[in-house]
Amino acid sequence: MSTVSPPGAPVPGQLTFVARPRAKPARHLADLTMAERRAAVAELGEKPFRADQLSRHYFEKLNSDPSLMTDLPAAAREKLTTALFPTLLTSVREMTTDSGTTRKMLWRLFDGALVESVLMRYTDRTTMCVSSQAGCGMNCPFCATGQAGLTRNMTTAEIVEQVVAGARALASGDVPGGPGRVNNVVFMGMGEPLANYKAVIGAVRRMVEPAPDGLGISARGITVSTVGLVPAIGKLADEGLPVTLAVSLHAPDDELRDTLVPINTRWKVAEVLDAAWEYTAKTKRRVSIEYALIKDINDQEWRADLLGRLIKNQLVHVNLIPLNPTPGSKWTASRPEDERAFVRRLESHGVAVTVRDTRGREIDGACGQLAAAE
Ligand code: SAH
């Protein structure tokens, strides 16, 4: 199989919104609405209700194997599954840690592009962290994915398939803790989800629609994380999907944010925060501000103070992420005492703060470490 060669590394500050055009993966049932599935089945010469049966197999039983579809006539099975369940993800490698409750999956897409997803099982819930693009064009200097550049957008079905793969592992009892389900999906894997808007919204719809249309995961359990594409945040607020919005802020001042999150040269801190408050006003959902604490770069108490002043009295919560190490980066996580001081300063403004755990660090599966190399 030929392999998509990764793009050249971007120069500092370079933003890539659109990848070079390339062949698209085959259409999959999960790309389609129920009406489109019925039309596709009819085009193949079968009764439209077969689309409902196929959808139940896929979204309810997590099954795309024709030999298990005994409610379909034998002759129709091969034809329908060949047409609607093309292989989109091929497992390259799986790495586990935390006694098997954290697993990073490396996938090869049809054209050789590589992406990763991470399953994290906690005592009360299981989260799938999914990729929305192969690579990323947003070029944040502290993020391994951003340093490698954008290969291409993923399709709706390629995104959904990552969740289904995690759901299968859980349902089969493969993950310690007994059979379980996916409760949360976070778009915090590779890629900038709002730069691949249409496919991501399609995937969110498939995730939240109840069976047979989709997986039936609560919209509240889904988090879309963005560098701050302001017009797309506005669009998302109007979708009628009460997903959680996470904004990767990382600095409260434009001077520093221009260098840490290069999209800030396009939309400034004030514009991003305004978009976030509009999102909370429209959806009544609390917005999450992501802030990776980088030693001596963005972890000063005065920055905590400035951040606190900018966001106090809003429907907001700050998620501090101790910086995860990435290859070639000169930066490291903040000292514990600086982290504690940062938390205290924020809290003094009445802002809710949590410090994210660094699950998956040992397998390069934590925030910003996904680089998808074989
Ligand atoms: N492109 C989206 C989603 C991807 S990453 C976004 O930027 O929001 C999910 C989170 O991990 C983002 O907040 C991102 O800034 C953060 N992150 C990236 N690299 C990191 C690193 N090395 N350590 C800690 N967090 C990191």
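Ranking VAL269, ASN298, GLY234 by Cα position along the charge dipole of the chain, where only Lys, Arg, Asp and Glu carry charges on their C-beta atoms, puts GLY234 farthest toward the positive end.
With helices as the sole contributors, the chain gives -9000 deg cm²/dmol at 222 nm; each DSSP H run of n ≥ 4 counts as -39500 (n - 2.57), and the sum is divided by every residue.
Candidates PHE342, CYS140, THR33 compared by Cα position along the dipole of the chain: farthest toward the positive end lies THR33, with charges placed on Cβ. Extension gain for THR87-ALA35 works out to 16.5 nm (0.36 nm per residue, less the C-alpha to C-alpha distance).
The alpha carbon radius of gyration of the range 158-205, expressed as a multiple of 2.2 N^0.38 Å, is 1.31. Exceedance of the 32 Å cut-off in Cα-Cα distance is limited, within the set LYS235/LYS295; LYS235/LYS312; LYS24/LYS61; LYS198/LYS284, to LYS235/LYS295.
Accessible area per residue for the chain is 42 Å², calculated with a 1.4 Å probe on protein heavy atoms, without ligands, DNA or RNA. Highest mean packing first, where packing is the average number of other Cβ atoms within 10 Å per residue, the peptides 67-79, 282-294 line up as 282-294, 67-79. Between ARG125 and ALA26, residue separation times 0.36 nm minus the direct Cα-Cα distance comes to 32.4 nm. Placing +1 on the Cβ of every Lys and Arg and -1 on the Cβ of every Asp and Glu, with no other charges, gives the chain a dipole of roughly 500 debye about its Cα centre.
Once backbone amide H atoms are built at 1.01 Å from N, VAL185 has MET128, ILE222, THR223 as its partners under 5 Å, excluding neighbours fewer than 5 places away on the same chain. Applying 1/(1 + (r/R0)^6) with r as the Cβ-Cβ distance of GLU239 and ARG266 and R0 = 25 angstrom yields a FRET efficiency of 0.65. Peptides 336-345, 24-33, 9-18 ranked from most to least packed, by the mean per-residue count of other Cβ atoms within 10 Å: 24-33, 336-345, 9-18.
In order along the range 358-374, phi translates into HN-Hα couplings of 10, 3, x, 4, 5, 10, 6, x, 8, 3, x, 9, 6, 10, 6, 10, 7 Hz, rounded to whole numbers, per the Karplus curve 6.51 cos²θ - 1.76 cosθ + 1.60 with θ = phi - 60° and x for Gly and Pro. For ALA366, the amide hydrogen comes within under 5 Å of the amide hydrogens of ARG361, counting only partners 5 or more places away or on other chains and with H modelled in the peptide plane. Surface composition of the chain: carbon plus sulfur atoms hold 52% of the accessible area, using a 1.4 angstrom probe and ignoring ligands, DNA and RNA. Applying a 4.7 Å cutoff between beta carbons, the unpaired cysteines of the chain are CYS129, CYS136, CYS367. In this Cβ point-charge picture (+1 for Lys and Arg, -1 for Asp and Glu), the range 29-83 has a dipole of about 120 debye about its Cα centre.
For VAL355, the amide hydrogen comes within under 5 Å of the amide hydrogens of LEU320, counting only partners 5 or more places away or on other chains and with H modelled in the peptide plane. Label separation (ASP274 vs ALA352): 2.6 nm, computed from points 7 Å beyond Cα along the C-beta direction. Backbone phi angles across the range 88-105, fed through the Karplus curve with coefficients 6.51, -1.76 and 1.60 (θ = phi - 60°), yield HN-Hα couplings of 9, 10, 10, 5, 9, 6, 10, 10, 10, 8, 6, 6, x, 8, 10, 9, 9, 10 Hz in residue order; Gly and Pro are listed as x.
The values are calculated or read from the model by the stated rules, or taken from the named source; none is laboratory data. Fair warning: this is a prediction, and the values are worked out from it, not measured in the lab. Glycine also receives a Cβ, built like all others from the backbone with ideal geometry; neighbour counts cover every protein chain displayed. In case anyone asks, the SASA skips ligands and DNA or RNA and just uses the protein heavy atoms, side chains included. Shrake-Rupley method; radii C 1.70, N 1.55, O 1.52, S 1.80 Å.
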